[in-house]
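One structure is given here, and the rest of the page talks about it.
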Amino acid sequence: MNLFAAIGRVFLLFLRETGALAVFAGDAVTGCIRPPLYWALIGKQMMRIGYFSLPVVGLTAFFTGGVLALQIYNGASRYGAETFVPVVVLVGITRELGPVIAGLMVAGRVAAAIAAEIGTMRVTEQIDALTTLATNPIKYLVVPRLVAAVVSMPILVAIADCIGVLGGYIASTQGLGFNAHLYLSNTVDNVTYNDVSSGLIKAAVFGFIIALMGCYNGFRSKGGAQGVGAATTTAVVSASILLLAANYILTNLLFVK
Amino acid sequence: MAGGSAKVELKGVKKRFGDKVVLDGVDLRIDHGESLVVIGGSGTGKSVMIKCVLGILKPDEGQIFVDGKEVTRLRGRARDAVLRKFGMLFQNSALFDSLPVWENVAFGLIQGRGMARDKAHEMAIEKLGKVGLGPEVGALSPAELSGGMQKRVGLARAIAADPEIIFFDEPTTGLDPIMADVINDLIVTTVRDVGATTLSITHDMVSARKIASRIAMLYQGRIIWQGPTAAIDNSGNPFVEQFIHGRAEGPIKMEVRR
Ligand SMILES: Nc1ncnc2c1ncn2[C@@H]1O[C@H](COP(=O)(O)OP(=O)(O)OP(=O)(O)O)[C@@H](O)[C@H]1O
Ligand SMILES: [Mg+2]
């Protein structure tokens, strides 16, 4: 076995995979802008992707905010800089932790559910049946999930931001002896449009990645229950990794001048 | 061959999966208004053949014509327009498990033709009646039905939009003999009253004799015999003879190790 041949084969496989994903994403995006749009399905998916993710996203945001306050207090008190706790919690949650934590939780929940559902439809020929009923499966299955995820993720993250800051507030005032009134005014004075909006932009991109990876892996699954299981795993792992990579790129674009 | 014009025609269609050749140059025409039955052993590529016609699978070689126009490489809207002429019963029904039974049946009416939902509901219940299912079944989910009931819902879905061409992939498999005969009658009347062109796949020779105006046999990726239904008993073809009499001995070797 020739080493170069092996490397070449892996490289070609990589190109084929990225090419297939790019074609799929292109089809999905053009599907979003060409009628018909299935509004009822978009609404249903917003419930499933956005609304039902609220508990898990809210809880993780709450504890993350609390832990953030504790750790920053711990670090800042070495320099007598405790007064910065509210600001750092606010910036940390809105810029990074809100979108990333919510994104990862939703990736685990939603990318898996989408891949399992669409994958099952694929292996039981339901997607072929859609085609024969002259309904484009991309428009009927992918577009509603994509639109719903892109719209609901920013809303989810906005809520997660509030709950995360609340978590920091409760940890600080109950555990660390901060003055409640001061903490609040310190937080409110330091909210900036850029911090919040950058987080929401990230959220929308994460929503796109999550739905895309769920749908793409579902569509490609083959061979029964085992195939669907593999697609589900791949969907979650690839969505999470792509999400973190995209976060790095977006942070560069949004903050590093 | 009958004088009618070809509704669907396959010319030299080849399809392989990896090294495995499934279709090896299929030539077949289905004339307007005829009821063709394709017989053949399990795994000979009957389902693959109709999936090629519908464009679910892309043939490696060959051409497919519908109403005289080549459809082999159509995409997007042009393909949807052709598919609107078709109804299809999948071998394993392929019902949408996220939708109730009636919406499965009405799917082509609502999504494909933009019919209002209550009108489509009415039509769906009527079609369910034709396959022997009462209106109460309409509200159930497909997972709550038996295999034979699912097959009949799939049948109702295939005929719901009164398509010009209907493909039935094993319409009577898994049904009791009486219901199988009801379904045979339904296929016969659909062809006669609506003027539909049908292609049915079956292993059930009773059903084949009843619904077919012509029978074709697929073996090793080719059509090895075709002729009017009446000619099947003296085809003079040893493969056909063996198949219709269901003998283990003969030119068709089943790949079983003893
Ligand atoms: N998507 C696929 N990928 C790989 N091989 C396939 C695929 N679909 C079908 N085959 C193979 O093609 C051959 C023909 O399959 P097909 O489903 O057409 O058989 P059939 O004639 O309909 O049989 P049956 O009467 O049992 O339904 C089989 O050997 C099957 O393994
Ligand atoms: Mg089959």
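The values are calculated or read from the model by the stated rules, or taken from the named source; none is laboratory data. If you're wondering where the values come from, they're calculated on a predicted model, not measured in any experiment. Glycine also receives a Cβ, built like all others from the backbone with ideal geometry; neighbour counts cover every protein chain displayed. Accessible surface areas use protein heavy atoms only, side chains included; no ligands, DNA or RNA. Shrake-Rupley method; radii C 1.70, N 1.55, O 1.52, S 1.80 Å.
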Which value, in debye to the nearest 20, gives the size of the charge dipole of region A:39-255 about its Cα centre, when Lys and Arg are +1 and Asp and Glu are -1 at the Cβ?
500
Could you tell me which of A:184, A:12, A:236 has its Cα farthest along the dipole of chain A towards the positive end, charges placed at Cβ (Lys, Arg +1; Asp, Glu -1), taken about the Cα centre?
A:12
Please report the carbon-and-sulfur percent of the accessible area for chain A; probe 1.4 Å, protein heavy atoms only, DNA, RNA and ligands left out.
73
Crossing angle, helix B:177-189 versus chain B [Cα axis fit, 0-90 degrees, rounded to tens]
90
Along the three principal axes, how long is region A:67-211 when you take its alpha carbons, biggest first, rounded to the nearest angstrom?
69, 25, 21
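Rounded to the nearest 0.05, what FRET efficiency do residue B:99 and residue B:61 give with R0 = 56 Å and r taken as the Cβ-Cβ distance? Could you check?
On the way: r = 37 Å, r/R0 = 0.67.
Between residue B:99 and residue B:61 the formula returns 0.90.
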Kirkwood hydrodynamic radius of region B:76-132, Cα pairs, Å
12.3
Going by average Cβ neighbours within 10 Å, how do the peptides B:216-222, A:21-27, A:131-137 rank, with the highest at the top?
A:131-137, B:216-222, A:21-27
What angle, in degrees between 0 and 90 and rounded to the nearest 10, separates the Cα long axis of helix A:143-170 from the longest principal axis of the Cα atoms of chain A?
20
Taking GluC sites (Glu not before Pro) as candidate sites, keep only those in a DSSP loop with at most 10 other Cβ atoms within 10 Å, then name the longest stretch of chain B containing none of them.
B:1-248
How big is the gap, in Å, between the Cα center of region A:186-200 and the Cα center of region A:102-127?
34
Using Cα atoms only, what is the angle between the long axis of helix B:117-130 and the major principal axis of chain B, expressed in degrees (0 to 90) to the nearest 10?
50
Determine the gain in length on full extension of the stretch residue B:234-residue B:209; use 0.36 nm per residue of separation and subtract their C-alpha separation, reporting nm with one decimal.
7.6 nm
Dipole magnitude (debye, nearest 20) for region B:1-104, charges at Cβ of Lys, Arg, Asp, Glu:
300
Averaged over every viewing direction, what's the projected area of the C-alpha convex hull for chain B? Give it in nm², one decimal, please.
14.9
Apply the a/c threshold of 1.5 to the C-alpha gyration tensor of region A:157-226 and tell me whether it is rounded, prolate or oblate.
oblate
Can you give me the C-alpha center-to-center distance between region A:129-148 and region B:20-70, rounded to a whole angstrom?
26
Quick check: net charge around residue A:17, other residues with Cβ under 14 Å of its Cβ, Lys/Arg +1 and Asp/Glu -1?
+3
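Nearest 5 percent is fine: what portion of the DSSP beta bridges confined to chain B is antiparallel? It would help to have the intermediate numbers written out before the result.
Values: 22 of 39 bridges.
Roughly 55 percent of the beta bridges in chain B run antiparallel, per DSSP.
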Could you tell me the distance between the Cα centroids of region B:197-258 and region B:133-188, to the nearest Å?
24
Calculated FRET efficiency for the pair residue A:233/residue A:12, C-beta based, R₀ 25 Å, to 0.05:
0.55
Which value, in nm² and rounded to one decimal, describes the direction-averaged projected area of the C-alpha convex hull of the protein assembly as shown?
33.1
q = 0.11, 0.12 Å⁻¹, chain A: log10 I(q)/I(0) [Debye, one scatterer per Cα]:
-0.67, -0.76
How much length would be gained if the chain were fully extended between residue B:116 and residue B:248, taking 0.36 nm per residue of separation minus their Cα-Cα distance, in nm to one decimal?
42.2 nm
Within 10 Å of each Cβ in B:91-99, the average number of Cβ atoms from other chains:
4
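Among DSSP beta bridges whose residues both lie in the protein assembly as shown, state the antiparallel percentage, nearest 5.
On the way: 22 of 39 bridges.
Of the beta bridges lying entirely in the protein assembly as shown, close to 55 percent run antiparallel.
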State to the nearest 20 debye the size of the charge dipole of the protein assembly as shown about its Cα centre, where the only charges are +1 on K and R beta carbons and -1 on D and E beta carbons.
1000
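Show me you know the interface measure: the accessible area buried between B and A, both chains summed, probe 1.4 Å, in Å² to the nearest 100.
Its buried surface, counting both partners, is about 1700 Å².
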Which value in nm describes the separation of the simple spin-label points at residue B:136 and residue A:33, placed 7 Å from the Cα toward the beta carbon?
5.2
Number of partner chain Cβ atoms within 10 Å, mean per residue of A:60-66:
0
Enter the accessible area per residue of region A:39-255 (Å², integer; probe 1.4 Å; all protein chains in place).
43
Can you give me the % of accessible surface on chain B that is carbon or sulfur? Probe 1.4 Å, all protein chains present, nothing else counted.
51
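At 222 nm, what value in deg cm²/dmol follows for chain A if DSSP H runs of at least 4 each add -39500 (n - 2.57) and the sum is divided by all its residues, to the nearest 500?
Rounded to the nearest 500, the figure is -26000 deg cm²/dmol.
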